[in-house]
Amino acid sequence: MSVGVVARLTVQSGKESEFERIFSDLQAQVREKEDGCLYYDLYRSKESANVYVVMECYADQEALDVHGKSEYFRSAQPALGSVLDMSSPPEITYYDHVS
């Protein structure tokens with residue numbers, strides 16, 4: 001059963017371009033190296049330019065585990081953390097596929 005993930009992230013004002021660049025680099029590696037990742041896309045809020053949502057879908061829990069343990073994902077965390085607004089911590093929600 002596929003697994004969906006929605007991550008809501010708030011970026012520090014003025015750091016949006018840097019965040020998008022860091023995410024784009026990570027996204028390229030995920031798409032290249034993770035056959036079990038069905039999609040890994042970034043969206044920006046229409047109401048708040050510094051609020052983003054990452055929508056992810058994995059073939060199964062094992063594919064999600066591979067993603068979370070990957071060297072490139074773990075090594076991107078400090079760079080991503082440096083541009084996030086931690087007064088609004090990331091909200092990560094996991095979903096089971098229904099139809």
Can you confirm whether the range 6-25 contains a residue that is among the polar types (S, T, N, Q), more than 15 Å from Pro90 (Cα to Cα), in a helix (DSSP H, G or I) and under 14 Å from the mean Cα position of the chain (by Cα)?
yes
Matching residues, the range 79-99, being among the polar types (S, T, N, Q) and surrounded by 12 or more Cβ atoms within 10 Å (Cβ to Cβ)
Ser82, Ser88
Could we say that Ala76 is among the small types (Gly, Ala, Ser) and loosely packed, with under 12 Cβ neighbours inside 10 Å here?
no
Within the range 39-52, restricting to residues that are charged (D, E, K, R) and under 15 Å from the mean Cα position of the chain (by Cα), the one that is farthest from Ser88 (Cα to Cα) is Asp41
Go through Ala49, Ala59 for me and flag whichever is closer than 21 Å to Ser82 by Cβ and aliphatic (A, V, I, L, M).
Ala49
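For (1) within 13 Å of the chain's Cα centre (by Cα); (2) in a helix (DSSP H, G or I); (3) farther than 25 Å from Ser13 by Cβ, each residue gets a yes or a no:
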{"residue": "Val54", "(1), (2), (3)": "yes, no, no"}
{"residue": "Leu64", "(1), (2), (3)": "yes, yes, yes"}
{"residue": "Arg74", "(1), (2), (3)": "yes, yes, yes"}
{"residue": "Gln77", "(1), (2), (3)": "yes, yes, no"}
So if I check each of Gly36, Gly68, which one is within 12 Å of the chain's Cα centre (by Cα) and free of Cβ contacts under 8 Å to residues at least 40 places away in the same chain?
Gly68
All positions within the range 27-72 that are hydroxyl-bearing (Ser, Thr, Tyr) and exposed (fewer than 13 other Cβ atoms within 10 Å of the Cβ)
Tyr39, Tyr43, Ser45, Ser48
Report every pair of residues separated by at least 6 positions or lying on different chains whose Cβ atoms are under 7 Å apart, first residue within the range 14-26 and surrounded by 12 or more Cβ atoms within 10 Å (Cβ to Cβ), second outside any helix (DSSP H, G or I) and β-branched (Val, Ile, Thr).
Phe19/Val11
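Every read-out reported here was derived from the displayed coordinates using simple, explicitly stated rules and does not represent laboratory data. The structure presented is a predicted model; accordingly, all values stated were derived computationally and were not measured. Virtual Cβ from ideal backbone geometry, glycine too; neighbours counted across all protein chains shown.
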